[in-house]
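Every read-out reported here was derived from the displayed coordinates using simple, explicitly stated rules and does not represent laboratory data. On a predicted model such as this, the values are computed, not experimentally measured, just so you know. All Cβ positions, glycine included, derive from the backbone under ideal geometry; neighbour counts span all protein chains shown.
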Amino acid sequence: MTNVLLAYIPCKDITEAEQIGSELLKRKLCGCINIIPEITSMYPYHGTMQKEKEVVLIAKTIEENYAKLETAVEELHSYETPCVIAIPAAHINRKYYDWLVGEIQ
């Protein structure tokens, strides 16, 4: 069984999340995306604390596709330094796993 990953990708807005997600799906770098419409992010930037509204794109993928997915996000994303964090799925039901892997490969 290949490892399933959830790629966590904050985006500037829903349009960007949909555009990146659609492209990842077209390229078969993930089998499904979820978009969480609004989060608040806080981070230091050049010595000043920033507080921004963002949208989270979650892309369900497999370990073999991660490097290509990361490269695609960096190419498509508007941020100078986009966040792409892969979270391994500890458990996944077999039917969903088979469907997901079948959509990607």
Quiz prompt | Cβ charges +1 (Lys, Arg) and -1 (Asp, Glu), total dipole of segment 4-104, debye | solution = 320 debye
Quiz item: Helix 94-104 versus the longest principal axis of the chain: what is the Cα-based angle in degrees, 0 to 90, to the nearest 10?
Solution: 70 degrees
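If you stretched the chain out fully between Glu74 and Asp98, how much longer would it get, using 0.36 nm times the residue separation minus the C-alpha to C-alpha distance?
Length difference between fully extended and current span is 5.8 nm.
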Practice problem: Considering Cα pairs under 8 angstrom that are at least six residues apart, work out the relative contact order of the chain and quote it in whole percent. | Solution: 40 percent
Quiz item: What distance in nm separates the simple spin-label points at Cys32 and Ile87, each placed 7 Å from Cα in the Cβ direction?
Solution: 1.5 nm
Quiz item: For the chain, what does -39500 (n - 2.57) per DSSP helix run (n ≥ 4), summed and divided by total residues, give at 222 nm, in deg cm²/dmol to the nearest 500?
Solution: -10500 deg cm²/dmol
Practice problem: Order the peptides 42-55, 12-25, 88-101, 67-80 from the highest to the lowest mean number of other Cβ atoms within 10 Å of their residues. | Solution: 12-25, 67-80, 88-101, 42-55
Exercise. Return one number: the angle in degrees, 0 to 90 and rounded to the nearest 10, between the long axis of the Cα atoms of helix 66-76 and the longest principal axis of the Cα atoms of the chain.
Key: 40 degrees
